[in-house]
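One structure is given here, and the rest of the page talks about it.
The values are calculated or read from the model by the stated rules, or taken from the named source; none is laboratory data. These numbers come from a predicted model, not from an experiment. We place every Cβ from the backbone using ideal geometry, glycine too, and count neighbours over all the protein chains shown.
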Amino acid sequence: MNEILSELNQEVGVKGSMVVTQDGIVVATELGPGLSADVVAAVASGAIQSINQNLNKLGQPNLSKFVLEAGFGKIVFIDIGIAYLVVILDQRINMDVTLIAISAAAYRIRQMGQIRA
Amino acid sequence: MGWFSWLPWNKRRDLEKLEAEARRNTSPATLSTLAEKYYQSGEYNNAVECVRRAVERFPDSPKVKEIHAQIMRLHNQQTLAKLQKEIETRPKAETYARLADLYYRDMNDLNRALELANEGLEKFPESEDLHLLTGLIRFVRYQADRLSQDGLKCIEHLESASRANPMNYKACAMLARMFTEVGAFDRAGTQLNNILRFAPDDEKARRLVDKLQGKEPLGTDIEELFKNVQLGGTNEECRDLANIFPIEYNKGQAAPARLDPQLAASHVADFKRVEGAKAAMVMDESGKVVGSFAASGSSAELAEMIWNIYTGSEDSARRMDIGSFKRGILEAPGMRLHMVEAGGHLIAVVTTKTTRDEVVRTALNSYIDTVLKA
């Protein structure tokens, strides 16, 4: 799985990626300099939990993808079974191109069958 | 277009009409059109000045951002290429600083500016210019979002610049301002007294020194002080004190445009035209719904869900040190939620999963440009 994340990190503007469960358990991580695995895992799991709780309240199922753009960076969360692929990106990248690479990586991780319930 | 519209005096007359229109109705649309026309007519300096003003006034307008980027890239392309080449062939701290400064001041691209300054500092860790510029960019970011990480990095770099040159006025002035804003009055006083040693006639510095005389600092741990501001907002007394000693870091003085609540409410129904739109709503900074439509279900429950997701996302972005929330697209089976922060408001559109993101993005951009008011 780390190999898939490393390959994904080669894409333009990708600063790091991680597979983390909703409870904050880190399954795999490949983060660039300046990114702490503990912080990313805590922030990502907190965000996913909170979003899913809010969606479920309105009778919606859990999120399948979330692209968050902030002033100085972007984060993508993609559902890959019982965990989520979390990718941290530079603010200036072309999302359309990078999202294809992220979705492909998510598909490959899902296909590995390692993190099914 | 008439047969003789190419004649210079006819072109100028057209521009004068647009100038008058932009004065009468200052909006993202009028300023963008005027800037484009200036550029097409060869009035490059006017075009640059116009987009600069437009981006200061309407920093959230997608149209303005696009025109600004286009014109500034064209305007600076030769200098950018020259400096980039110099960095590749014979890198110097000054070249990194000039290029980073160009991205910061002219291109409005703080990220690239910060990247370049950091890259330069890796090669030239003692550079006063690069520390000063990095401190300035963090200062600007801090003024926008009040993130403690930006504040602490700002202090770190400005102190390095000040160590390299104890008479660096800008570094000392920004440090004094930052320390005052968070209540570290003792440290602000040290910087101000330093300024007065080499600039004894600085009236503003003297006034602030007098005001800070005998004032107890709000704490001694600078990290704690910045965190307190991030969590609880700026202390009003500190802000008033800091305003005695203003720093001209911004390119202009105009306050950024905000969403006009009445226009925002009346135009929210425009989203009904987006195929597959299920609901749309606009909320102010406190989460109060300014305008909405929902094809079915309770819009109050939907508003609560959207607001919770937005505040959670904002918190995540801040904790990850990537600034404040700007846009988001959330996908769940059967629905998509598009959110944009603009002009002090949150605009959200819920669509079916089949609605193309591009269609919603265009509708949102058009809506923002319509309801932003100077």
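What's the total number of residues in the range B:319-366 that are in a strand (DSSP E or B) and not β-branched (V, I, T)? Don't jump to the end; show me each part of the working.
So in the range B:319-366, the residues in a strand (DSSP E or B) come out as B:325-332, B:335-342, B:345-351.
Those still in the list that are not β-branched (V, I, T) too: B:325-328, B:330-332, B:335-339, B:341-342, B:345-346, B:348.
Going through the range B:319-366 one residue at a time, the tally reaches 17.
Consider B:A264 carefully, then state whether it is within 25 Å of A:K74 (Cα to Cα), among the small types (G, A, S) and buried (at least 17 other Cβ atoms within 10 Å of the Cβ). Before the answer, list the steps.
Working: within 25 Å of A:K74 (Cα to Cα): no; among the small types (G, A, S): yes; buried (at least 17 other Cβ atoms within 10 Å of the Cβ): yes.
So B:A264 fails the test.
For residues in the range A:89-104 being in a helix (DSSP H, G or I) and polar (S, T, N, Q), which is farthest from A:D79 (Cα to Cα)? Don't jump to the end; show me each part of the working.
Taking the range A:89-104 first, the residues in a helix (DSSP H, G or I) are A:95-104.
The next check asks that each one be polar (S, T, N, Q); those that pass are A:98, A:103.
Values: A:T98: 17, A:S103: 10 Å.
Across the range A:89-104, the extreme among qualifying residues is A:T98.
From B:A332, B:A300, which residue is touching a helix residue (DSSP H, G or I) at 6+ places or on another chain (Cβ under 8 Å), of a type in the set (A, V, I, L, M, F, W, C) and free of Cβ contacts under 8 Å to residues at least 40 places away in the same chain?
Working: B:A300 fails: touching a helix residue (DSSP H, G or I) at 6+ places or on another chain (Cβ under 8 Å).
Testing whether each residue is touching a helix residue (DSSP H, G or I) at 6+ places or on another chain (Cβ under 8 Å), of a type in the set (A, V, I, L, M, F, W, C) and free of Cβ contacts under 8 Å to residues at least 40 places away in the same chain leaves just B:A332.
Report yes if A:V12 is in a loop (DSSP other than H, G, I, E, B) and in contact (Cβ under 8 Å) with a residue 40 or more places away in the chain, otherwise no.
Details: in a loop (DSSP other than H, G, I, E, B): yes; in contact (Cβ under 8 Å) with a residue 40 or more places away in the chain: yes.
Against the criterion (in a loop (DSSP other than H, G, I, E, B) and in contact (Cβ under 8 Å) with a residue 40 or more places away in the chain), A:V12 qualifies.
In contact with a Leu (Cβ under 8 Å, 6 or more places away or on another chain) and of a type outside the set (V, I, T): is that true of B:S148 in this structure? First the steps, then the outcome.
Working: in contact with a Leu (Cβ under 8 Å, 6 or more places away or on another chain): no; of a type outside the set (V, I, T): yes.
For B:S148, the condition - in contact with a Leu (Cβ under 8 Å, 6 or more places away or on another chain) and of a type outside the set (V, I, T) - is not met.
Tell me the helices (runs of 4 or more DSSP H) entirely within the range B:25-141 that contain at least 1 residues that are surrounded by fewer than 17 Cβ atoms within 10 Å (Cβ to Cβ) and within 14 Å of chain A (Cβ to nearest Cβ). Give the derivation first.
Numbers: elements: B:28-40, B:44-57, B:62-89, B:93-105, B:110-123.
Passing ranges, in order: B:62-89, B:110-123.
In the range B:197-250, which residue that is over 21 Å from B:Q143 (Cβ atoms) and among the β-branched types (V, I, T) is modelled with the lowest pLDDT?
Across the range B:197-250, the extreme among qualifying residues is B:T220.
Within the range B:74-88, is there a residue that is more than 22 Å from the chain's Cα centre (by Cα) and among the β-branched types (V, I, T)?
Taking every residue of the range B:74-88 in turn, at least one turns out to be more than 22 Å from the chain's Cα centre (by Cα) and among the β-branched types (V, I, T).
Can you name the residue in the range B:190-216 that is part of a loop (DSSP other than H, G, I, E, B) and of a type outside the set (A, V, I, L, M) and, of all such residues, is surrounded by the most Cβ atoms within 10 Å (Cβ to Cβ)?
Pass one, the range B:190-216, residues part of a loop (DSSP other than H, G, I, E, B): B:199-202, B:213-216.
Filter once more, so that each one left must be of a type outside the set (A, V, I, L, M): B:200-202, B:213-216.
Details: B:P200: 9, B:D201: 7, B:D202: 17, B:Q213: 9, B:G214: 6, B:K215: 15, B:E216: 8.
Filtering the range B:190-216 for residues that are part of a loop (DSSP other than H, G, I, E, B) and of a type outside the set (A, V, I, L, M), the one surrounded by the most Cβ atoms within 10 Å (Cβ to Cβ) comes out as B:D202.
Write out, first by first residue and then by second, each pair whose Cβ atoms fall under 9 Å of each other, whose residues are 6+ apart or on separate chains, and whose first residue, in the range A:77-103, is more than 9 Å from chain B (Cβ to nearest Cβ) while the second is in a strand (DSSP E or B) and surrounded by fewer than 18 Cβ atoms within 10 Å (Cβ to Cβ).
A:I82/A:T21; A:A83/A:T21; A:Y84/A:T21
Check whether at least one residue in the range B:249-261 is in contact (Cβ under 8 Å) with a residue 24 or more places away in the chain, of a type in the set (D, E), surrounded by 13 or more Cβ atoms within 10 Å (Cβ to Cβ) and in a helix (DSSP H, G or I), and report yes or no.
No, the conditions are met nowhere in the range B:249-261.
Looking only at the range B:18-32, count how many residues are within 19 Å of the chain's Cα centre (by Cα) and either within 16 Å of B:D260 (Cβ to Cβ) or modelled with pLDDT under 90 (or both). Walk me through it before giving the result.
Going through the range B:18-32, the residues within 19 Å of the chain's Cα centre (by Cα) turn out to be B:27-28, B:31-32.
When the remaining residues are screened for being either within 16 Å of B:D260 (Cβ to Cβ) or modelled with pLDDT under 90 (or both), the result is B:27-28.
The qualifying residues number 2.
Out of (1) farther than 18 Å from B:A317 by Cβ; (2) in contact with a helix residue (DSSP H, G or I) (Cβ under 9 Å, 6 or more places away or on another chain), the odd one out for A:V86 is which?
(1)
Name the residues in the range A:47-73 that are part of a helix (DSSP H, G or I), closer than 16 Å to B:D315 by Cβ and within 7 Å of another protein chain (Cβ to nearest Cβ), would you?
Taking the range A:47-73 as the starting set, the residues that turn out to be part of a helix (DSSP H, G or I) are A:47-57.
Narrowing further to those that are closer than 16 Å to B:D315 by Cβ: A:47-54.
Within the range A:47-73, A:A47, A:S50, A:I51, A:N54 qualify.
For the range A:33-46, how many residues meet the condition of being surrounded by fewer than 18 Cβ atoms within 10 Å (Cβ to Cβ) and either out of contact with any strand residue (DSSP E or B) (no Cβ under 6 Å at 6 or more places or on another chain) or more than 13 Å from chain B (Cβ to nearest Cβ) (or both)?
So the count comes out to 7.
Here's the yes/no breakdown for (1) at pLDDT 90 or above; (2) more than 30 Å from B:E115 (Cα to Cα); (3) away from chain A (no Cβ under 13 Å):
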site: B:S296; (1), (2), (3): no, yes, no
site: B:A300; (1), (2), (3): no, yes, no
site: B:W307; (1), (2), (3): yes, yes, no
site: B:T311; (1), (2), (3): yes, no, no
site: B:R318; (1), (2), (3): no, no, no
site: B:G334; (1), (2), (3): no, yes, no
site: B:M339; (1), (2), (3): yes, no, no
site: B:L346; (1), (2), (3): yes, no, yes
site: B:V349; (1), (2), (3): yes, yes, yes
